1. Say each of Ile224 and Leu125 gets a label point 7 Å from the Cα, pointing the same way as Cα to Cβ; how far apart are those two points in nm?
2. Under a plain spin-label model, where a point goes 7 Å from the Cα along Cα-to-Cβ, how far apart in nm are Leu160 and Gln200?
3. Note the full-extension length gain between Asp303 and Ala207 as 0.36 nm times their separation in residues minus their Cα-Cα distance, in nm to one decimal.
4. Quote the accessible area belonging to Leu157 in square angstrom, nearest 10, computed with a 1.4 Å probe and with ligands, DNA and RNA left uncounted.
5. Between Ser153 and Ala110, what is the FRET efficiency for a Förster distance of 45 Å, r being their Cβ-Cβ separation, to the nearest 0.05?
6. What pairs in Lys170/Lys195; Lys146/Lys223; Lys205/Lys297; Lys161/Lys205; Lys146/Lys246; Lys107/Lys161 have C-alpha atoms more than 29 Å from each other?
7. So what's the net charge close to Lys246: Lys and Arg +1, Asp and Glu -1, counting the other residues with Cβ under 11 Å from its Cβ?
8. Select from region 104-166 those GluC sites (Glu not before Pro) which occupy a DSSP coil region and have at most 15 other Cβ atoms within 10 Å, ordered by residue number.
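The values are calculated or read from the model by the stated rules, or taken from the named source; none is laboratory data. All values derive from a computational prediction rather than experimental measurement. Using ideal geometry, Cβ is built from the backbone for each residue, glycine included, and neighbour counts are taken over all protein chains shown. When the accessible area is computed, the model is the full protein with side chains, heavy atoms only, and any ligands, DNA or RNA have been set aside. Shrake-Rupley method; radii C 1.70, N 1.55, O 1.52, S 1.80 Å.
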Amino acid sequence: TSNTTHQIQHRKQYTPSTTHQTLHTKHHTSNTTHQIQHTKHYTPNTKHNTPPPHNTPHPADCGDQIDWIVPDEIIDSLRGKKLHPPAPVRDAKDNALMLGEFPVVMKLIADLPEAAEAKQQVDRLIDAVGPPNGVENIRETIVMDKMQYDVASDDYLPILKERIKDQIEKYFMLIVFSLYCKEVGQAGFNKTFKKWLDSQNHREKIAEGKGKLEWERKVPNEKIVDLKELLDCDAFNDNLPAVINKINQLSYKMFSDLPRGDQKCKSMRKLAGRTLIEVLPPKLSTYLEERLGDLSKVPDFYDMVGTLSYYGKMPIIED
């Protein structure tokens with residue numbers, strides 16, 4: 001009996017703990033209810049993440065139904081701006097060669113008006129992949145070689161001339177290939193470029209026209225006549241400063257379409273030298289050749305001017 005009484009008292013001591021567990025369970029139930037309510041609060045937002053019905057087509061498979069995503073006029077506008085942007089406005093000061101307006105190319109455009117659009121497409125691609133992206137701009141390369149040609153020695157001129165003609169041919173054939181893509185591409189390229197080219201006369205055009213370039217810039221003839229009159233007199237020394245000034249101005253004007261740089265300065269100086277040799281009277285030409293050598297190699301312009309300034313002023317030493 002004593003042991004039974006002791007057990008009953010021991011159980012009564014643990015009754016508060018049971019009550020505490022019951023309260024803890026109620027508290028947990030309350031938290032669970034709060035979580036359920038919190039989940040219900042966010043239920044409306046799940047509509048945005050609800051996947052489309054199983055039978056909804058993918059936009060890429062909609063074909064003409066794409067306009068319900070992006071209107072057709074916006075798509076056409078983007079295509080036009082990216083693939084067919086308007087041609088840049090031509091400035092009167094622009095260099096024709098820098099724009100790719102070589103005589104043989106302009107002849108192609110005159111014969112085939114659609115070649116103008118083909119040239120624009122080629123120019124856009126050249127500008128897109130050209131410097132600073134690491135690929136040479138073929139139009140600028142031709143111009144730079146032409147500027148080197150203007151100042152090169154006679155031995156190097158044939159090499160430069162052939163290289164310039166080869167580059168013009170490459171540029172011409174890029175335009176022709178653009179014409180081929182536009183014409184044959186619509187039919188799924190059912191004809192190779194070689195076979196298509198065999199049916200055209202473009203090979204003959206480029207073979208005949210790639211050498212038709214202004215290889216040397218010359219001062220207008222009326223200006224040459226004026227300069228000759230100033231030098232062909234006994235008192236030519238008085239007119240020499242005016243001749244030098246006019247030749248320099250003419251040379252600058254002839255190369256005004258080229259960008260500034262060392263090559264432009266050299267081209268201007270060589271043109272000035274050729275012009276001075278052309279306007280010299282026979283007695284002055286002989287005098288220069290005796291002191292500077294063969295004038296066909298075009299000595300430096302300022303060397304010739306300095307030598308002419310001593311004409312008739314140095315004492316003649318006789319043996």
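1. Taking the two extended label points, one gets 4.3 nm.
2. If labels sit at Leu160 and Gln200, their model points lie 3.2 nm apart.
3. On the way: separation 96, 0.36 × 96 = 34.56 nm, distance 4.07 nm.
Length difference between fully extended and current span is 30.5 nm.
4. 30 Å²
5. Details: r = 36 Å, r/R0 = 0.81.
After rounding to 0.05, the efficiency reads 0.80.
6. On the way: Lys170/Lys195 18 Å; Lys146/Lys223 24 Å; Lys205/Lys297 34 Å; Lys161/Lys205 18 Å; Lys146/Lys246 25 Å; Lys107/Lys161 20 Å.
Lys205/Lys297, as the Cα separations exceed 29 Å there.
7. Working: positive: Lys223, Lys253; negative: Asp226.
The answer is +1.
8. Working: sites: Glu114, Glu117, Glu136, Glu140, Glu162; in loops: Glu114, Glu136.
Listed in order of number, the matching sites are Glu114, Glu136.
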